[in-house]
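Visitor: Would you mind keeping the following structure in view while I ask a few things?
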Amino acid sequence: MRRMPAHRRCLRALAAGALLITGFAPSIVEAQTQTVGLFQNDASAFEGYTLFNRRTCGDAYLIDMNGFLVHSWAVGGAGVLYLLENGNLLRGSGGCREYTWDGTVVWDYAYAGQHHDIERLPNGNTLLVVRETILYDDAIAAGRDPALLNADLWSLVIVEIEKTGFNTGTVVWEWRAWDHLIQDYDPGKPDYGVVADHPELIDLNFAATGESDWDHTNAVDYNPELDQIIVSVRDFNELWIIDHSTSTAEAAGHTGGLSGMGGDLLYRWGNPQAYGRGDEGDRQLFLQHDTQWIEEGLQGKGTY
């Protein structure tokens, strides 16, 4: 089944067990005809259901292998969508909203600076991609080249939120890109060093265009086997992997956690130039989206 651009990994619950909705499907699909655009359904198609919405429509749709509508939710606009193990729908982008199967909102939570993707963890908490503002003077003081900055800087933060009420939550874990910098512009500023010698750190002056959105990130995913998080850093043309087993204090430093590396990057891939190595010919990613782990039972499992 071809995947729609407005969703990621959206079939996790239903592909594993269609019993969740089989009681609903027959009465809905009997009067339907096959949807235009979904006629290519052969042995190479991925078994399961597809969840998607459109920028021009306020509904989320769940369809089967023949394009028949199984269910829909009125979600009020486009955004990332996930069907949870309990059958609820989780919507991200500019906030977190969780719906029951019948459309009742059971969590409606906003976090300042949250954007793009979210991820529900096995413990019931939710990872958010967040943008924090680094003031212009603070960015310069950290070693940002003034020629590459014309306003305040935005920097990536990943926060883990525990739901505490209908529209409340509390941060139980946090990782900040700003805690893991290196720069080779000014030896008198913090974190000065040879960028190529430290791929575990983030070059403050890479992907530098003068725009505020320095390390624009558009996806987050979690691996429960490794207790690690992967993020898609679009403007670095890279994916980064970080250790979630750390405490928040350890995540702000360079030691601790299962890796022993604290919050430093465990692995990065896509563009060696981002850490001072290689050239344009070595680049593998180009403004990528939707980075995710390959889940158990799917082709390619074990190739992270």
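Values in this text are rule-based calculations from the coordinates and carry no lab data. Keep in mind that what you see is a predicted model, and the values were worked out from it rather than measured. Because the Cβ atoms are built from the backbone with ideal geometry, glycine has one as well, and the counts that use them run over all protein chains shown.
Visitor: What FRET efficiency comes out for the pair Leu298/Asp197, r = Cβ-Cβ distance, R0 = 41 Å, nearest 0.05?
Guide: Working: r = 37 Å, r/R0 = 0.90.
So the FRET efficiency works out to roughly 0.65.
Visitor: Grab the DSSP H runs of the chain that are 4 residues or longer, score each as -39,500 (n - 2.57), total them, divide by all residues and round the 222 nm result to the nearest 500 deg cm²/dmol.
Guide: -1500 deg cm²/dmol, from helical runs alone.
Visitor: Gaussian network model of the chain, Cα springs within a sub-10 Å range: biggest mean-square fluctuation belongs to which of Ala274, Ala207, Ala74?
Guide: Most flexible of the set in this elastic network: Ala74.
Visitor: Can you give the FRET efficiency to the nearest 0.05 for Asp279 and Lys189, using r as the Cβ-Cβ distance and R₀ = 25 Å?
Guide: Details: r = 27 Å, r/R0 = 1.08.
According to the calculation, E is roughly 0.40.
Visitor: How much of the calculated P(r) for the chain lies past 26 Å, in percent of all Cα pairs?
Guide: Percent of Cα pairs beyond 26 Å in the chain: 50.
Visitor: Something else about it: Is the C-alpha gyration tensor of the stretch 181-304 telling us rounded, prolate or oblate? Criteria: a/c under 1.5 is rounded; beyond that, a/b larger than b/c is prolate, otherwise oblate.
Guide: Oblate shape, in that a/c is at least 1.5 and b/c is the bigger or equal ratio.
Visitor: Which residue, Ile182, Ile140, Ile161, has the most motion in a Gaussian network model of the chain that connects Cα atoms within less than 10 Å?
Guide: Greatest mean-square fluctuation among the candidates belongs to Ile140.
Visitor: I've got another one for you. Among rounded, prolate and oblate, which fits the stretch 45-167 when a ≥ b ≥ c are the square roots of the eigenvalues of its C-alpha gyration tensor, a/c under 1.5 means rounded, and a/b larger than b/c means prolate?
Guide: prolate
Visitor: Roughly what would the spin-label model give for Ser245 and Thr133, points 7 Å off Cα along C-beta, in nm?
Guide: Taking the simple label geometry, Ser245 and Thr133 are separated by 3.8 nm.
Visitor: Considering only the other residues whose Cβ falls under 12 Å of the Cβ of Gln183, what net charge follows from Lys and Arg at +1 and Asp and Glu at -1?
Guide: Net local charge, Gln183 excluded: -3.
Visitor: Something else about it: Full extension from Thr56 to Phe286: what is 0.36 nm times the residue separation minus their Cα-Cα distance, to one decimal in nm?
Guide: 80.1 nm
Visitor: Residue by residue through the stretch 199-214, what is 3J(HN,Hα) from phi via Karplus (6.51 cos²θ - 1.76 cosθ + 1.60, θ = phi - 60°)? Round to whole Hz and write x for glycine and proline.
Guide: x, 6, 10, 10, 5, 4, 10, 8, 6, 8, 10, x, 7, 5, 7, 5
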